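Single-structure report; data block below.
The values are calculated or read from the model by the stated rules, or taken from the named source; none is laboratory data. What you are looking at is a predicted structure, and each value in this text was computed from that prediction instead of being measured. Note: ideal-geometry Cβ built from the backbone for every residue, glycine included; neighbour counts use all protein chains shown.
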């Protein structure tokens, strides 16, 4: 088994100020290629610490991806540490310097000593041009390990991984056990309930493992199948997907990269239907979610945020006595908001929600986190009461999902 | 200087499926106590790898915080690895087993072999009761290092750090140099421009260092002052803050935890003014941002998302010939949207934006990323053309910030 290790350098990573998003991204993609990461090390911009990390990795790992410290500033010395670890000198890489010179002269700048430093790489390293930035990527062997040095800037690192690193690992990927992952995205079902629903699935499909991840209020199920024959692995993954979806039911709204908004957009397109929203506590979150997929203007026509009660009456046209009688946070208000929005925007469906986001409550005395959602459509109106006992932000996000999920279920 | 190291164990961390949120949390808090983390290592649930990580840390670090692998399941064997590294046997910790027995009997369960395993700790270790869960925390010395072993569940780890770990490091904290950090949150200024604006500041204030972090479209400047005298450090931080704000100017909207929405909300409150929005490409993002701070209903009255041109005319009341003549993505449309929203909602200020989020353009032929924002208020109207050459999500987010920043600047 190929042992893969990641080394990330940078003081900012160890101060807890910057969260390292490169590593999870890279880990997921390497694992998907049958090259799971065995170890990850994070060190400060400190020469002895970097050299020690490189040396240790060179003794225990086959593939080592090092990120950070290739920039032009004084705290960028990863190339220098790589040369020291390998026991080779640094050399000027002329093509890199030339490219840098061209790049800078286009912006009316001349190459300084700092930039020249950026073109210095360990002797014997294979330099790989970086079309995403100025720092070159390079590859070299130290001890047991094939080392790849990449800039730490996420856009550069991700671009270089896709275009340069992964293709260079193709032979290892081909030799690795096949591993295919599919994520089933779910809403409205707890992780424990998903766990229960899928109990026994790994026993029913050989080579299958089940994992869970949460991006609230969504819960995702990961189905992973490993094996040696591609057709067999694909077939097993398909079988597992069908079985899992059957057990989870309509709580599963999408697969892999299909977002909640994509799912609803797809259903609206299929129904050739249009939509609008009327929102109080969510203040535009429902509409903003609906507008995420490209081409959302095909179905989303508009939204009215009626944050103040006066706006619910003056713009949306709610009867004055309704709010006085029932209160703004009520089933009656939610339904009426949906009905009025449907008429105001001339759409097939309107979604509404009203509630108490917190931290303060209102005169009604209902607990913070109380939310009423409503849906108005060609086949009638519906409404639902919810209770989310979270802090303000999360109450609003959960309310938006709840309101939109009623639409999704109506369109299934 | 005390060398601090973190070791996190767990397959899920190295598959990129779970993002390790414990470490940044712990790093920030340790740094604030003058004990910055020098190195972090992540290893899989693999005995030789964990032992090797513990052994290396015992040679190079003074304080080592190890998380994960203390649970009851088969892949939890951190205590066993700690014992192996220290060369001591595992021993049953009776008080832990007793506490576990009580806890489980309350839920009608009896203690099994798995739970008994959880009560096994390295001989000589100091066991620290965990009131947040079932796995005990323990402390022991291996080589140069004082090791603290904690469960990986964030709620348990964070609780135990606050109540047990940090107090146990009190003597080190007292001896560490004082360190105070302040963040200046900025919008509308590039990181390179901030860097330039603050050049020479660390030379002007002894003990000051300047750092940068980005959460687009915001850029934050970190001012860190270290020293030995608390009053002196606080005074220097204050001096540095004043100097930095003077140099950055109005691009700095807030300090530390004060968000963009907090800043605008504060200005609206000060002016006793109300606000509404009229949005096209942002589809509610401006209003949703304005609604983030608690009590936002004091100033936010409503919003109209006019995603379809027909809605811009029918609900917002834009003249029919205006869209035909100028197009929906135009300065004229933006200004008229703001004016009409101000009248419709009866507010002091209205913010509007219209533009092309992409990926597809429109009939006007303007490039994707073209955005017009407008502000209408008691002292007049203003409008601005922007170009954001990003992907759809980011274009929308940048547009919302640009629209709201005009309001912020008007209220300064």
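The table that follows gives values for the structure above.
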item: Residues within segment B:360-384 that are within 14 Å of chain A (Cβ to nearest Cβ), out of contact with any helix residue (DSSP H, G or I) (no Cβ under 6 Å at 6 or more places or on another chain) and within 16 Å of residue B:398 (Cβ to Cβ), tallied; result: 1
item: Segment A:221-253, subset within 14 Å of another protein chain (Cβ to nearest Cβ) and in contact with a helix residue (DSSP H, G or I) (Cβ under 9 Å, 6 or more places away or on another chain), residue nearest to residue A:406 (Cα to Cα); result: A:221
item: Any hit, segment B:370-379, residues being surrounded by fewer than 24 Cβ atoms within 10 Å (Cβ to Cβ) and in a helix (DSSP H, G or I); result: no
item: From A:271, A:276, A:288, residue being touching a helix residue (DSSP H, G or I) at 6+ places or on another chain (Cβ under 6 Å), touching a residue at least 40 places away in the same chain (Cβ under 8 Å) and within 13 Å of chain B (Cβ to nearest Cβ); result: A:276
item: Hits in segment B:291-318 (condition: touching a strand residue (DSSP E or B) at 6+ places or on another chain (Cβ under 7 Å), more than 7 Å from chain A (Cβ to nearest Cβ) and closer than 19 Å to residue A:392 by Cβ); result: B:299
item: Single condition residue A:59 does not satisfy, out of (1) surrounded by fewer than 20 Cβ atoms within 10 Å (Cβ to Cβ); (2) in a loop (DSSP other than H, G, I, E, B); result: (2)
item: Every residue from segment B:306-317 that is under 24 Å from residue B:367 (Cα atoms), crowded, with 23+ Cβ neighbours inside 10 Å and over 36 Å from the mean Cα position of the chain (by Cα); result: B:311, B:312
item: Enumeration of residues in segment A:1-22 that are more than 7 Å from every other protein chain (Cβ to nearest Cβ) and not in a strand (DSSP E or B); result: A:1, A:2, A:3, A:10, A:11, A:13, A:20, A:21, A:22
item: Residue identified as assigned to a loop (DSSP other than H, G, I, E, B) and surrounded by 17 or more Cβ atoms within 10 Å (Cβ to Cβ) among A:133, A:108; result: A:133
item: Residue list for segment B:72-105, filter: more than 30 Å from residue B:143 (Cα to Cα), out of contact with any helix residue (DSSP H, G or I) (no Cβ under 9 Å at 6 or more places or on another chain) and buried (at least 17 other Cβ atoms within 10 Å of the Cβ); result: B:99
item: Test: residue in segment B:331-350 that is part of a strand (DSSP E or B), in contact with a helix residue (DSSP H, G or I) (Cβ under 8 Å, 6 or more places away or on another chain), within 14 Å of another protein chain (Cβ to nearest Cβ) and in contact (Cβ under 8 Å) with a residue 24 or more places away in the chain; result: yes
item: Selected residue (criterion: farthest from residue A:390 (Cα to Cα)) from residues of segment A:193-210 that are assigned to a helix (DSSP H, G or I) and in contact (Cβ under 8 Å) with a residue 40 or more places away in the chain; result: A:201
item: Residues (within 21 Å of the chain's Cα centre (by Cα) and not in a loop (DSSP other than H, G, I, E, B)) located in segment A:147-173; result: A:154, A:155, A:156, A:157, A:158, A:159, A:160, A:161, A:162, A:163, A:166
item: Residues located in segment A:319-340, provided they are buried (at least 17 other Cβ atoms within 10 Å of the Cβ) and closer than 17 Å to residue A:399 by Cβ; result: A:327, A:328, A:329, A:330, A:333, A:334, A:335, A:337, A:338
item: Total residues in segment A:27-52, condition assigned to a helix (DSSP H, G or I), within 21 Å of the chain's Cα centre (by Cα) and at the interface with chain B (Cβ under 7 Å from one of its Cβ atoms); result: 3
item: Selected residue [surrounded by 21 or more Cβ atoms within 10 Å (Cβ to Cβ), over 24 Å from residue A:259 (Cα atoms) and over 23 Å from the mean Cα position of the chain (by Cα)] from A:123, A:119, A:176; result: A:119
item: Residue satisfying all of: in segment B:204-218; at pLDDT 85 or above and farther than 11 Å from residue B:240 by Cα; surrounded by the most Cβ atoms within 10 Å (Cβ to Cβ) among these; result: B:217
